[in-house]
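One structure is given below, encoded as structure tokens.
The values are calculated or read from the model by the stated rules, or taken from the named source; none is laboratory data. Because the structure is predicted, anything quoted here is derived from the model rather than measured. Counting neighbours? That spans all protein chains shown, and the Cβs are built from the backbone with ideal geometry, glycine included. Keep in mind that these areas ignore ligands, DNA and RNA; they rest on the heavy atoms of the full protein, side chains included. Shrake-Rupley method; radii C 1.70, N 1.55, O 1.52, S 1.80 Å.
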Amino acid sequence: MHGRRFDLRAAAVAACAALLVACGGGGGGSSAAITPAPTPPVTPTPPAVPGAFDDTLAYSSLANASLSAPNESAAVIASHIQLNGQQFNYTATTGHLTATDVRTGKASASFFYVAYTVAGAAAARRSVTFFYNGGPGSSSIYLHLGSFGPRRLVSTIPNATVMPVQLVDNQETLLAQSDLVFVDAIGTGYSQAIAPNTNQSFWGVDADAAAFRDFVQRYVAVNQREASPKILFGESYGTPRTAVLANLLELAGVQVAAVVLQSSIMDYNSNCGVLDPGAISCEGHIPTYAATSAYYQRSNPLPTNFSGYVQQARNFAAGDYRSAMTAYLASKVAPPSGVIAQLVGYTGLPVLTWQQNFDMGPDYYQRNAVPGRLVGRYDARVSAPTGSALTVDGDPSLTVINSAFVNGIAGYLSDELHYSARSRYTSSNDIGGQWDFSHDGKQLPDTIPDLAAAMTLSPTMKVLSVNGYHDLATPFHQTELDLARLGANPLIVLKYYASGHMTYLDDTARRAQQMDLINFFNSVTVTP
């Protein structure tokens, strides 16, 4: 995190601008560092492939930009993939749909999306899943080309080597279970406001979620998917968006069958990476520190049972650490030596370090966890020597992936999806400082009540929370603490992987996550 927070409103802007900018997730280096350079504009060519679309509009991600009229044209391309030795046919639709303001009945924004659908599947039995990253200011590029679409980039994670721009058929795609729609937030990708709105009209918690609601309703209507189970899949800032969006859809009469929360930050007020150390407890980060230090063999003793070790760290964080931190935050009472000793054992950091940084934030841990190296914030297993080329952007786990995604999406849209445009695809837009984070009377969003409201409106709605053990931006234990506010509920399931913020970039974790998602999707049914 950057900057010292001295005023809550300043905190909302400064902290969130730095926290969730790039892949739709959580934090780390400077916002400039984790915002990829824009892709070069594609030179349009006359459509040579049946279903190709040459989009003659120019799109802008600037705050004051807007389109003069809606555009709902798209490239529609037949394709196939070999899954388990059998050919699986699908259609890729790439283009725009128009969100209509429910208050005025007028077109408000043009959403860019890519949908992968299977012909002939009964809509009432086949779900449709809407994917989006977060930021705020991220397109859906990371989920689209990294997770469960039919094509994905080859990943080198957790190795600290730059990813190649190599697209392959994705054997972990979820297309056999659900139709997949990847949609870009306004001001990212090729999504843009429609006049008299501007892009900035939608840069806030409430306006953004309302626009996504209108997009989902339009997609459902145009494609006659009213009977299909609807699933929302949001990553990082996309998780608070999901909570608000699910509630808005339910209020609009669109039932949400399930939500997937990938690397959550449901309550900004509880994440100590948002506010300064000493403002709130970093209890939620302690098990992630322990898991990461064990990965680097810095813990003492080294665990022989990782799951048991993580559970011990949870118990310590919620027990001795919480008690000591309560006294520390109240009156700066020096932490007991026994608590310091446990922290030293879990992390390998010296006694003096913990005495001076008892409420240790993830930025400090990131710089000091391994002597002479900077560990990644999105994936702490990725590290590089301090001062090396991979650390200049503040997070080596982003530096090694960003160029592949930025360059990969440009070629994929034009060469495989046969959608050509007159302007650059905005992979990431540095708009955190312009975002209105206020929501429900608070200057920083707490969306647990929104999720609770959505689950009340749809009592059968299922929730799957996906977490990486080595995610320093949205730590798994903080997510547990946030979701615990909903009470014990068998419809809420949490899953964990030896990976980072984008769990799916790890080949082993992606395969495990796919199996968990298949089971989850198969459990989703339409309420009679």
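One table, with the values for the structure above:
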read-out	value
Accessible area per residue in Å² at 1.4 Å probe, computed on the chain	35
Share of Cα-Cα pairs in the stretch 90-204 lying beyond 22 Å, as whole percent	44
Segments 158-166, 513-521 sorted - mean Cβ within 10 Å per residue, highest first	513-521, 158-166
Whole-number D in µm²/s for the stretch 149-246 (Stokes-Einstein; Kirkwood sum over Cα pairs; 20 °C, 1.002 mPa s)	134
Intensity falloff of the stretch 394-506 expressed as log10 I(q)/I(0), Debye formula with alpha-carbon point scatterers, at q = 0.14, 0.16, 0.22 Å⁻¹	-0.91, -1.06, -1.19
Probe 1.4 Å - accessible area at SER79, Å² to nearest ten	40
Solvent exposure ordering (accessible area, 1.4 Å, most first) of ARG511, ARG241, ARG218, ARG152	ARG511, ARG218, ARG152, ARG241
Cα long-axis angle, helix 337-347 against the chain (0 to 90 degrees, to the nearest 10)	40
Carbon/sulfur fraction of accessible area - the chain, other protein chains in place, 1.4 Å, %	53
Helix-only mean residue ellipticity at 222 nm for the chain, each DSSP H run of n ≥ 4 adding -39500 (n - 2.57), per residue, nearest 500	-9000 deg cm²/dmol
Full-extension gain in nm, ASN300 to THR56, via 0.36 nm per residue minus C-alpha separation	81.7 nm
Percent RCO, i.e. relative contact order, over the chain, from Cα pairs under 8 Å lying at least 6 residues apart	24
Orientation-averaged projected area, Cα convex hull of the chain (nm²)	23.2
Mean separation of Cα contacts under 8 Å, 6 or more apart, over the residue count of the stretch 353-431: relative contact order %	16
Cα-based Rg of the stretch 226-304 normalised by 2.2 N^0.38 Å, two decimals	1.55
Whole-angstrom Cα spans of the stretch 279-404 along principal axes, big to small	45, 34, 22
Label-to-label distance, nm, for residues given as ALA176 and ASN269 (7 Å Cα→Cβ offset)	4.5
For the stretch 220-358: Kirkwood Rh in Å [reciprocal of mean 1/r, alpha carbons]	17.7
Values of log10 I(q)/I(0), in the order q = 0.16, 0.17, 0.26 Å⁻¹, for the stretch 474-528 under a Debye, Cα-only, solvent-free model	-0.63, -0.70, -1.09
